[in-house]
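Here's the structure, in structure tokens; my notes come after.
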Amino acid sequence: MDFIIDATLQAVAQLYQTQITAQDVNLQQTRKEFDGQVTIVTFPFTRFSKKSPEQTGNEIGAYLEANVPEIAGFNTVKGFLNISIADNYWLKVYQNTVAQPGFGVAPKNGKKVMVEYSSPNTNKPLHLGHVRNNLLGYAVAGILDAAGYEVIKTNLVNDRGIHICKSMLAWQLFGNGETPESAQMKGDHLVGKYYVIFDKEYKKEVEARLAQGMTEEEAKKHAPLMKQAQQMLQKWEAGDEQVIELWKTMNTWVYDGFAKTYKKLGVNFDKFYYESNTYLLGKDIIEEGLEKGVFFKKDDGSVWIDLTADGLDQKLVLRGDGTSVYITQDLGTAQLKYNDFGMDESIYVVGNEQDYHFKVLFLILQKLGKNWAQGLYHLSYGMVDLPSGKMKSREGTVVDADDLMDSMVETAEEYFDKQEKKLDLTEEEKQVLFPVIGLGALKYFLLKVDAKKRLLFDPNESIELQGHTGPFIQYTHARIKSVLSRGGEHQLAQLPAELDAVERDLIIVLSQYPEAIAAAAKEFNPATVANYTYEVAKAYNKFYHEKSILQAETEDLKSFRLQLSKSTAQIIAQSMQLLGIQVPERM
Ligand code: ARG
């Protein structure tokens, strides 16, 4: 809308002999209850006009109407000048942008960005928190790609450490050679089962020792299982063949299981990093930090950084025995990622319980003088809770990602079974549709909310065909596809001379697609795209209910409305795809 800003500068110069700049002009979208599409805030100009806001608005409005051909009229409401732009202008916007091939895909900007997401531990299956993580990561990556970045999707798998040894040990002691095949279980679930068994058996040992009168600390220390797990970790680090063999076998099971979950969830990665390869890396950086005086050593040999001047505290970066802590290896991995890809920006999608860790990590890298540390960003997200119902998470038991997805497919099936209006689909088509709807409902519900916010996932609300839901948008897409197939192929012939309000509103919202993507990319926020898509679906439904498409007054009008419908379907499909959500052709 640069032409309106320019014209406003001219108006103020002419009317009030004052030079203002583009930054002084505040343009907004006109509120629904008023006529017009663009609103100029005129309060600030009363300083120059020395008149009331209304009078100022009227004067500027009259000037604009007289001098700018695209401006068809105006009205003022207090300090707001609402401007109606000629239909001709919107039709050109439609033709020259929205209807062009490749609309919404920004040209490549030459920048590289890495998005690390998922990053599970291999001792148990993915859970509800991972679902939010994966959806956010995948969507952010897609949005950045559409905004012009080259994107590298990475997954840092935590495949070593004491927690992994716990599952391994429990399997060795209690597993009787059980395998995913023999147990008919996904590999990640099987390994997770032994992690739980470890915990149970370990608790028994601790309790027995408490009953003998040991203190809790002693009991935990003397529990044989914990000692054995620690021994196993030492053996692993020493390269013990048998331990490594078991570790490989069990990890293969887990990766097999993860791959199935990722596939079902529709996410993927360009590059995997494994902590078993990276856990020793950070030690060079510790040396570097000691040399540069960024870190200091305590008497016991442990290495620390003092961040009190930055409002944080002292933080351990290497244990006294020379072993790594979490941040040691994250420092090393950050450097490795940068060496591998030289990206301009690097995003870590990780839950908000690690806010402090990432603050410290980024600060350390800055203090070490790594220029690239400027481009690091923690995309922090809040917890997901489930309400009561069959998937309710009981205290201590997390909701499994596979179970949740299966249950959403069932939720979709049950929902349509209950509807009076039956789906006009074959049994096979339904078997394809239910996962699309069930997962679409889940994904949309999780993505429409700002990542920072904690959220309550309500399966029944998410599946509704009416309301701010994925299925509503999916249904709108299917509805358009049905109109298009009944309408047949149409070339856009003559554009109409004028537009109806619902047509104009639809064109305006469609034309905002690139801005929505750019805004979402800037803030790494998929919710912006999700909410935008909802606006598109709403605008289309309004248009659909108020205007006849196939029975339009003239053939030209019919082909114009079909064309508009086609553009809408494309934008809905594209933006949902960015969110990792499929849209059905029929439902
Ligand atoms: N594996 C870790 C966890 O499950 C998350 C790792 C996040 N990424 C990172 N670079 N620290 O808590």
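The values are calculated or read from the model by the stated rules, or taken from the named source; none is laboratory data. All figures in this text were calculated on a predicted structure; none of them were measured in a lab. Note that each Cβ is placed from the backbone with ideal geometry, even for glycine, and that neighbours are counted across all protein chains shown.
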(Q) Kindly evaluate Ala62 against the criterion of being under 30 Å from Thr18 (Cα atoms) and at pLDDT 95 or above. (A) yes
(Q) So Lys271 ticks every box in (1) modelled with pLDDT of 95 or more; (2) touching a Ser or Thr at 6+ places or on another chain (Cβ under 6 Å); (3) buried (at least 19 other Cβ atoms within 10 Å of the Cβ) but one. Which box is left unticked? (A) (3)
Q: Scan segment 141-164 residue by residue and report those that are more than 23 Å from Lys235 (Cα to Cα), crowded, with 20+ Cβ neighbours inside 10 Å and within 16 Å of the ligand (Cβ to nearest atom).
A: Ala141, Lys153, Thr154, Asn155, Leu156
Q | Candidates Val105, Val77, filtered to the one that is surrounded by fewer than 24 Cβ atoms within 10 Å (Cβ to Cβ), among the β-branched types (Val, Ile, Thr) and over 37 Å from the mean Cα position of the chain (by Cα) | A | Val77
Q: Among the numbered conditions (1) at pLDDT below 95; (2) in contact with a Phe, Trp or Tyr (Cβ under 8 Å, 6 or more places away or on another chain), tell me where Glu555 comes up short.
A: (2)
Q. In segment 481-503, which residues are among the polar types (S, T, N, Q) and closer than 15 Å to Tyr540 by Cα?
A. Ser482
Q. Looking at (1) in a helix (DSSP H, G or I); (2) in contact (Cβ under 8 Å) with a residue 24 or more places away in the chain; (3) surrounded by fewer than 17 Cβ atoms within 10 Å (Cβ to Cβ), which is the one condition that is false for Gln491?
A. (1)
Q.
Of the residues Gly213, Gly192, Gly177, only one is within 16 Å of the ligand (Cβ to nearest atom), small (Gly, Ala, Ser) and out of contact with any Phe, Trp or Tyr (no Cβ under 6 Å at 6 or more places or on another chain); which?
A. Gly192
Q. When you scan segment 377-484 for helices (runs of 4 or more DSSP H) that lie fully inside it, which ones turn up with 3 or more residues that are over 29 Å from Ala520 (Cα atoms)?
A. 401-418, 427-447
Q) What pairs can you find where one residue is in segment 21-49 and more than 17 Å from Asp87 (Cα to Cα), the other is part of a helix (DSSP H, G or I) and among the small types (Gly, Ala, Ser), and their Cβ atoms are less than 7 Å apart, with a gap of 6+ or different chains? A) Thr42/Gly57
Q: Could you figure out which of (1) out of contact with any Asp or Glu (no Cβ under 7 Å at 6 or more places or on another chain); (2) within 17 Å of Leu128 (Cα to Cα); (3) modelled with pLDDT under 95; (4) more than 15 Å from the ligand (Cβ to nearest atom) isn't true of Asp406?
A: (3)
Q: Considering only segment 264-296, state which residues are over 21 Å from Tyr326 (Cβ atoms), hydrophobic (A, V, I, L, M, F, W, C) and not in a loop (DSSP other than H, G, I, E, B).
A: Leu265
Q. Is it the case that Thr397 is away from the ligand (no atom under 14 Å from the Cβ), modelled with pLDDT under 95, within 26 Å of Gly289 (Cα to Cα) and not aromatic (Phe, Trp, Tyr)?
A. no
